[in-house]
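Peer 1: Pasting a structure below so you can have a look.
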Amino acid sequence: QVQLVESGGGLVQAGGSLRLSCAASGRTNRRYHMGWFRQAPGKEREFVAAFRWSSGITYYAESVKGRFTISRDNAKNTVYLQMNSLKPEDTAVYYCVADDIWSEVAGNPDYWGQGTQVTVSS
């Protein structure tokens with residue numbers, strides 16, 4: 001019912017910043033809860049952040065808390081992930097996710113984007 005397209009990935013030096021964008025299309029009037037996962041080579045998929053659409057409640061993985069911020073633009077049906085103070089261990093493919101049930105967003109979300117590569121050099 002919703003399609004997700006990520007953008008904004010790239011190469012950045014340690015300590016730098018990037019902002020990822022996720023544009024939603026389809027049945028966006030249902031106002032899905034949104035989030036971000038990431039997966040580094042040889043590692044398991046890892047939850048990063050989630051945003052509860054109506055209330056604004058957010059959750060962050062401990063590894064990114066204080067450095068990453070998830071936000072939204074309702075008019076553009078877009079969710080952002082602002083990443084500051086980036087570290088080499090943040091290198092991964094980042095995926096935008098969505099689900100209409102809040103408890104599923106950080107666990108098993110129904111909808112996934114194609115992913116965007118983030119590489120942090122030392």
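The values are calculated or read from the model by the stated rules, or taken from the named source; none is laboratory data. Values in this document were obtained by computation on a predicted structure and should not be read as measured data. Ideal geometry is used to build each Cβ from the backbone, glycine not excepted, and the neighbour counts take in all protein chains shown. Note: areas computed on protein heavy atoms with side chains; ligands, DNA, RNA excluded. Shrake-Rupley method; radii C 1.70, N 1.55, O 1.52, S 1.80 Å.
Peer 1: Does the stretch 24-42 hold any residues that are within 20 Å of G115 (Cα to Cα), at pLDDT below 95 and more than 10 Å from the chain's Cα centre (by Cα), and which are they?
Peer 2: Matches in the stretch 24-42: A24, S25, G26, T28, Y32, H33, P41, G42.
Peer 1: For the stretch 46-55, indicate whether the set of residues that are touching a helix residue (DSSP H, G or I) at 6+ places or on another chain (Cβ under 7 Å) and more than 17 Å from G26 (Cα to Cα) is non-empty.
Peer 2: yes
Peer 1: Select from the stretch 2-40 the residues that are at negative phi, in contact (Cβ under 8 Å) with a residue 40 or more places away in the chain and not in a strand (DSSP E or B) and write down the one among them that is surrounded by the most Cβ atoms within 10 Å (Cβ to Cβ).
Peer 2: Looking at the filtered set, the residue picked out is Y32.
Peer 1: Now, a different point. Residues being modelled with pLDDT under 95 and surrounded by 13 or more Cβ atoms within 10 Å (Cβ to Cβ): count how many of those fall in the stretch 72-90.
Peer 2: Here the count works out to 4.
Peer 1: Does F51 satisfy the criteria of being farther than 17 Å from T116 by Cβ and within 14 Å of the chain's Cα centre (by Cα)?
Peer 2: Yes, satisfied.
Peer 1: Just need a number here: residues in the stretch 42-64 that are open to solvent by 30 Å² or more (accessible area, probe 1.4 Å) and in contact with a strand residue (DSSP E or B) (Cβ under 9 Å, 6 or more places away or on another chain).
Peer 2: Count: 12.
Peer 1: I'm trying to understand the selection: among the residues of the stretch 91-109, which are of a type in the set (D, E) and either crowded, with 20+ Cβ neighbours inside 10 Å or modelled with pLDDT of 95 or more (or both)? Give the steps one after another, and end with the answer.
Peer 2: Pass one, the stretch 91-109, residues of a type in the set (D, E): 99-100, 104.
The answer is D99, and nothing else.
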